[in-house]
Ligand SMILES: NC(=O)c1ccc[n+]([C@@H]2O[C@H](COP(=O)([O-])OP(=O)(O)OC[C@H]3O[C@@H](n4cnc5c(N)ncnc54)[C@H](O)[C@@H]3O)[C@@H](O)[C@H]2O)c1
């Protein structure tokens, strides 16, 4: 059993808690932090969490929990990670790890210097069908991987802070592209060095400074290409798709729209709406178990098993830092309109 302190009571704090408490799990969120006492108390009551606090340092330093999960806006990740490292606490952080690779590198160094367990909560390499696809790829069933295309598009984020470039560290690339980049990296091979990026990004729709659309290509040292496509202005829900092309085979994954369940209701049907769907009613594409389909359950199984077994999980702060370095180079490429080198002061692969 793992006793967890959840930092944040928004969308992802709720999804994580649902996944952690799913089925007959013995792992428990035992303490929740929100800066608003009302939100903390309401979250605790809703999800059966014993205790709450409106003090971040108290939540992190609490002696009766084994690990903290950071489910706070991007500009608060570093502050929370540093406090966890100082308190000697195991720490799991949502994506993106940092707003920049400089932030991510400081976080990686801090947890490694403190010797604490660290996990990067990149759920989209953990959906059951992605895990199955990764097994096939690693067994060589698709031959040499040449090209991975990963797409995440939706109408735009649900909270104000995402739209603030300073708080978020960017727009659709840092928010959605971080998933696509790590999905491609997982299929191509995490020991293969990502070398350079060319990226287009623009603000086509929303009245914001950051990009609401982008397409990028990441070139790996073995010649493979990881392509990401992101939008904060896509209409019709959330489009989450991956395509893997190898010399001996092809893999297509669709995680959200058209997953095999299609339903029409002439009424307003709140039952069957999914995250980021624009309408409740008419033709809908429900997802049977949203947290499972997004990989949260399998992700926490890996994270918490790794903690128990004294090993590293599949996704650590090192992976978060590599993703941030690719995102940084993508932003540089938008400005320069050229291929930009990915700057990795620490590289642990081939
Ligand atoms: N699939 C995923 O892995 C996934 C999905 C969504 C969000 N996220 C990540 O989770 C993090 C939170 O996103 P979210 O969607 O839950 O956001 P949210 O806005 O729904 O929730 C954010 C939480 O942080 C709190 N908060 C905001 N500003 C604060 C401040 N200044 N001080 C203290 N608390 C503050 C809010 O009250 C809320 O409890 C982000 O880093 C985001 O990128 C990950």
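When each of the peptides 262-274, 25-37, 117-129 is scored by how many other beta carbons lie within 10 Å of its residues on average, the order from highest to lowest is 117-129, 25-37, 262-274.
With viscosity 1.002 mPa s and temperature 20 °C, the Kirkwood radius over alpha carbon pairs of the stretch 1-139 converts through Stokes-Einstein to a diffusion coefficient of 138 µm²/s.
Shape of the stretch 281-332 from its Cα gyration tensor (a ≥ b ≥ c, root eigenvalues): rounded if a/c is under 1.5, otherwise prolate when a/b > b/c, or oblate? Oblate, since a/c reaches 1.5 and b/c is not below a/b. Stretching the chain fully between residue 38 and residue 21 yields a gain of 3.9 nm (0.36 nm per residue, less the alpha carbon separation). According to the Kirkwood relation over distinct C-alpha pairs, the hydrodynamic radius of the stretch 175-305 is 17.1 Å. Ranked by how many other Cβ atoms sit within 10 Å of their own Cβ, fewest first, the residues 174, 192 fall in the order 192, 174. From least to most packed, judged by other beta carbons within 10 angstrom and beginning with the fewest, 332, 185 follow the order 332, 185. Just round it to a whole percent: the fraction of Cα-Cα distances in the stretch 39-121 exceeding 20 Å. Of all Cα-Cα pairs in the stretch 39-121, 31 percent lie more than 20 Å apart. Put in order of Cβ neighbour count within 10 Å, fewest first, the listed residues 276, 86 become 86, 276. Entry note, the chain: the mean residue ellipticity at 222 nm calculated from DSSP H runs of n ≥ 4, each adding -39500 (n - 2.57), is -10000 deg cm²/dmol after division by the residues and rounding to the nearest 500.
Gain on full extension, evaluated as 0.36 nm per residue between residue 45 and residue 280 minus their Cα-Cα distance, stands at 81.9 nm.
Two numbers describe the Cα atoms of the stretch 108-201: Rg and Dmax, which are 16.0, 44 Å. Fully extending the segment from residue 269 to residue 158, taken as 0.36 nm per residue of separation minus the present Cα-Cα distance, adds 37.9 nm.
From the square roots a ≥ b ≥ c of the eigenvalues of the alpha-carbon gyration tensor of the chain, which class results: rounded (a/c under 1.5), prolate (a/b over b/c), or oblate? It comes out rounded by the Cα gyration axes.
We did not get these values from a lab; they are worked out from the coordinates using the rules stated. A quick note: this is a predicted structure, and the numbers were derived from the prediction, not measured. Positions of Cβ are backbone-derived with ideal geometry, glycine not excepted, and every protein chain shown enters the neighbour counts.
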